[in-house]
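Q: One structure, as structure tokens, below. Some questions next.
The values are calculated or read from the model by the stated rules, or taken from the named source; none is laboratory data. Treat the numbers as computed from the prediction; the structure is a model and nothing was measured. Cβ placement follows ideal geometry from the backbone for every residue including glycine, while neighbour counts extend to all protein chains displayed. Please note that ligands, DNA and RNA were not included when accessible areas were found on the heavy atoms of the full protein model with its side chains. Shrake-Rupley method; radii C 1.70, N 1.55, O 1.52, S 1.80 Å.
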Amino acid sequence: MFSVGISLGVAGWALSGVLGLLVAFYVIFTRQKDRNVPSATNHGQRKAEKSLKIVYASQTGTAKRFAESLHDDFQSNKWQSSLVNIKDYDPEDCLPQEVDSHQLCIFILATYTDGKAPECGTWFVQWLEEAVKDFRVQKSMLKGMVYAVFGLGNSLYKEHFNMVGKNVDEWLTRLSAKRVSSVGLGDENVAASRNGGIEKDFAMWKKRLFITVESWLSGSDVGGDDSPPALSAPNTELVESSDEEDTEDKNLVDLEDLGGAVKKAKEERKKKELGGEASPRDMVTSVIRQSLTKQGYRIIGSHSGVKMCRWTKSMLRGRGGCYKHTFYGIESHRCMEATPSLACANKCVFCWRHHTNPVGTEWKWNMDDPSAILDGALSNHYQMIKQFRGVPGVKAEKFEEAKTAKHCALSLVGEPIMYPRINELISMLHEKEISTFLVTNAQFPDAIKNLRPVTQLYVSVDASSKESLKRIDRPLFKDYWMRFLDSLRALSDKGQRTVYRLTLVKEWNTEELEGYSKLVSLGSPDFIEIKGVTYCGESKASTLTMENVPWHEEVVSFVQKLADLLPDYELACEHEHSNCVLLAHKKFLIDGVWHTWIDYAKFHHLMQDYERSGCTREFTSSDYVARTPDWALYDNPHHGFDPNETRWQRKRKAKDLSGC
């Protein structure tokens, strides 16, 4: 007890000592400041010395990009400015030095998981909050500092929306710093953003800031202690103009048109208050379109996309197909990877799209016709296929076959089941005798219940507990866990083939065997795919590295242990190249022979009967099975590689951005 008392005493002494030094530093600094107050005679010198400092805290790179853009704009106006990563900005050393109106500090701050700052800004935010709450720190310690804040967030995370930007703005004000421009609340949620997306939110805030900066540099007084508190001040009323232009800047109103923009925003808001709806926006903004296009996507209309899978390219050259070829008989060179909704309700840590796609919890965007989506998807897919004419190694017969798609993987990116007219799109695909493999992230149980039959329905099962699901999938819904469980239950009522897809992330979810086994009983899936996470290079959106990618032997070991807990399932197939193993329900082990493959012609015949009967002649997954070839089985020495193909080894391993 005595030693504990000493330890606590020492800890308390150390803490009070640090805070005491902070207070002492503040007193000395303010006294020195009082002695150095410039007189009216050197006012011109003060004005000449004024400069701008831009401090940013970025998680995915957007805040950094905004900060660099602002810095470039300042430089082009011959304004002296500096750019600082917040990880290099020690608040204990730097903030007291800002108590000098010669410098205007601009903070561009992202809000990340649970309303917290990005890792690089954790210390800054913590220090500032403690300074505000510590009674020993004088609340006038930052008097004389001038600042502006722009926050980056997503209003779908309602209680955490832009929490970092709002808090920093409030805390700086409470420490007597002077706000020179209202806090900007950038919203990644395009449907709710006042200006049509975070890019335009920033552009409009920047226009206001420029007016302030010009006044400040000229010596005029701006902002002040009487400016309204950040938390009660609404964001700008400005909205985008009605003119549709290709360039982002041209979508913004000019300064002389601000009055009209404000009027338009008020009319939109009044319309909502009267029960009407404001005009919906396109899901894909110009910035999102540019980013996804650079990654190889073909954007269709305002919310859909298609992309060439690397396995399609591989099978065109006779170099092997994907794991769906091994497990279910998909012809990879005749498979189109597409989605009718680029938006998703999760921000998974292992997302290979690095969160460049939109997010949402409900459909609030413009909606394209399903026939236009299908025509656009097939047209773009065939254009990409044609680009392989004459490419060395492409098999002539495979190239001809690829001109007619037979399969559609609705799993490209986003959440395809979010599209309100998904059933119409599925029916159109089946009319063309194109099979449908649809993947959902288990956050829309009602949509699963209302979904028409698909060839195979997937649900991503990335975690087995509420805590780990939140940590891995980072869902937008508050009731994400109940939605997840209800989605699994809805799966058990579907008559067609169903799959649990487990993505193993080493040191994240590889120890949850018992939990996974319990979840299987909820959905009773026909198959369970277990795949090691694909490392897609460094992502600013997560901290995953190659250390989090399990070896194939580790995946096999996990599956064997899981199978021991599931008496109705056995290891059926593997695809070593994709680091993927298949557990199949024993009902597909017919007379001692696995039937995991699909009779696609039989499926389309069953669907035609189903449609003709007015959706009353139902069928089950057992009605369109086909025998699995020996080479695809788990214990076969080919390890899932089709012997009719030619194995090809890369000389230098490249990162896989394909998806599939």
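Q: Could you list the residues of the range 404-444 with an amide nitrogen less than 20 Å from a label point located 7 Å from the Cα of R489 in the Cα-to-C-beta direction?
A: Under cut-off, by backbone N: 440-444.
Q: Keeping all protein chains in position, work out how much accessible area M141 exposes to a 1.4 Å probe, and write it in Å² to the nearest 10.
A: 10
Q: Something else about it: At R0 = 25 Å, how high is the FRET efficiency between Y382 and R627 if r is their beta carbon distance? Nearest 0.05 is fine. Mind dumping the intermediate values first?
A: Details: r = 32 Å, r/R0 = 1.26.
Calculated value: 0.20.
Q: Going down the table (K78/K206; K64/K470; K207/K347; K478/K518), which pairs top 21 Å between alpha carbons? Don't jump to the answer; show the numbers that get you there.
A: Values: K78/K206 17 Å; K64/K470 26 Å; K207/K347 31 Å; K478/K518 23 Å.
K64/K470; K207/K347; K478/K518, as the Cα separations exceed 21 Å there.
Q: Calculate the translational D of the range 70-179 in whole µm² s⁻¹ from Stokes-Einstein, where the hydrodynamic radius comes from the Kirkwood formula applied to all Cα pairs, the temperature is 25 °C and the viscosity 0.890 mPa s.
A: On the way: Rh = 14.6 Å.
For the chosen part, D equals 168 µm²/s.
Q: Same structure, new question: Would you pull out the residues with amide H under 5 Å of R281's amide H, same chain only if 5 or more places away, H placed 1.01 Å from N?
A: N366
Q: Using heavy-atom solvent-accessible surface (probe 1.4 Å) with all chains present, what is the largest-first order of M482, M336? Walk me through the intermediate numbers first.
A: Values: M482 100, M336 0 Å².
If we order M482, M336 from most to least accessible, we get M482, M336.
Q: So how far apart, in nm, are the two label points at K403 and M482 if each is 7 Å from Cα heading toward Cβ?
A: Calculated label separation equals 5.5 nm.
Q: Which distance in Å, rounded to a whole number, links the C-alpha centroids of the range 291-305 and the range 413-434?
A: 18
Q: Further, regarding this structure: Determine by what factor the alpha-carbon radius of gyration of the range 357-420 differs from 2.2 N^0.38 Å, reporting the quotient.
A: On the way: Rg = 15.6 Å, N = 64, 2.2 N^0.38 = 10.7 Å.
Relative to the 2.2 N^0.38 Å estimate, the range 357-420 comes out at 1.46.
Q: How much accessible area does T361 have with a 1.4 Å probe, in Å² rounded to the nearest 10?
A: Only protein atoms counted, so the area is about 30 Å².
Q: Let me have the relative contact order for the range 68-185, percent, based on Cα pairs under 8 Å that are six or more residues apart. Before the final figure, lay out the partial values.
A: Working: 184 pairs, mean separation 33.3, N = 118.
This gives 28 percent for the range 68-185.
Q: Take S341, S521 and sort them by solvent-accessible surface of the protein heavy atoms, 1.4 Å probe, largest at the top.
A: On the way: S341 0, S521 85 Å².
Accessible-area ranking of S341, S521, largest first: S521, S341.
Q: Moving on to the next point. Stretch E467-L513 to full length: gain in nm at 0.36 nm per residue minus the Cα-Cα span? Write down the numbers at each step before the final one.
A: On the way: separation 46, 0.36 × 46 = 16.56 nm, distance 1.53 nm.
Contour length minus the Cα-Cα distance gives 15.0 nm.
Q: In nm, give the distance between the simple-model label positions of D568 and W551, each being 7 Å from the Cα along the Cα-to-Cβ direction.
A: 3.5
Q: Sticking with this structure for a sec: Using a 1.4 angstrom probe on the protein heavy atoms only, line up R319, R612 by accessible area, largest first. Don't skip to the answer; put the middle values down first.
A: Values: R319 65, R612 170 Å².
Greatest to least solvent exposure: R612, R319.
Q: So how much slack lies between S291 and V137, counting 0.36 nm per residue of separation and subtracting their Cα-Cα distance, in nm? Let's see the in-between values first.
A: Values: separation 154, 0.36 × 154 = 55.44 nm, distance 4.58 nm.
Using 0.36 nm per residue and subtracting the Cα-Cα distance, I get 50.9 nm.
Q: Summing +1 for each Lys or Arg and -1 for each Asp or Glu, what net charge is found among the other residues whose Cβ lies under 9 Å from the Cβ of V306?
A: Values: positive: R298, K307; negative: E337.
Combined, the nearby Lys, Arg, Asp and Glu give +1.
Q: A further question on this structure: Between K602 and D88, what is 0.36 nm times their sequence separation minus the Cα-Cα distance? Round to one decimal in nm. Intermediate values should be presented prior to the final figure.
A: On the way: separation 514, 0.36 × 514 = 185.04 nm, distance 6.35 nm.
That works out to 178.7 nm of additional length.
Q: What FRET efficiency comes out for D73 versus D591 if R0 is 60 angstrom and r is the Cβ-Cβ distance? Round to the nearest 0.05.
A: Working: r = 73 Å, r/R0 = 1.21.
My answer for the efficiency is 0.25.
Q: Between S427 and R612, what is the spin-label point distance in nm, taking each point 7 Å from the Cα along the Cα→C-beta axis?
A: The modelled label-to-label distance comes out at 1.7 nm.
Q: Evaluate the relative contact order of the range 124-185 (contact order divided by residue number), counting alpha-carbon pairs under 8 angstrom at least 6 apart; express in whole percent.
A: 45 percent.
Q: If you don't mind, there's one more thing I want to ask. Residue by residue, what Karplus-based ³J(HN,Hα) values in Hz, rounded to whole numbers, does the range 519-525 have, using 6.51, -1.76 and 1.60 with θ = phi - 60° and x for Gly and Pro?
A: So the J values, rounded to whole Hz, are 5, 4, 5, 6, x, 6, x.
Q: Summing +1 for each Lys or Arg and -1 for each Asp or Glu, what net charge is found among the other residues whose Cβ lies under 14 Å from the Cβ of K386? Working shown, then result.
A: Values: positive: R298, K313, R389, K398, K403; negative: E400, E401.
Overall, the nearby charge balance is +3.
Q: Could you work out the relative contact order of the range 439-491? I mean the mean sequence separation of Cα pairs under 8 Å and 6+ apart, divided by the number of residues, in percent. Before the final figure, lay out the partial values.
A: Numbers: 49 pairs, mean separation 29.4, N = 53.
This gives 56 percent for the range 439-491.
Q: Here's a follow-up. Which value, in Å² and to the nearest 10, is the accessible area of I211 when all protein chains are kept and the probe is 1.4 Å?
A: I211 exposes around 80 Å² with every protein chain in place.
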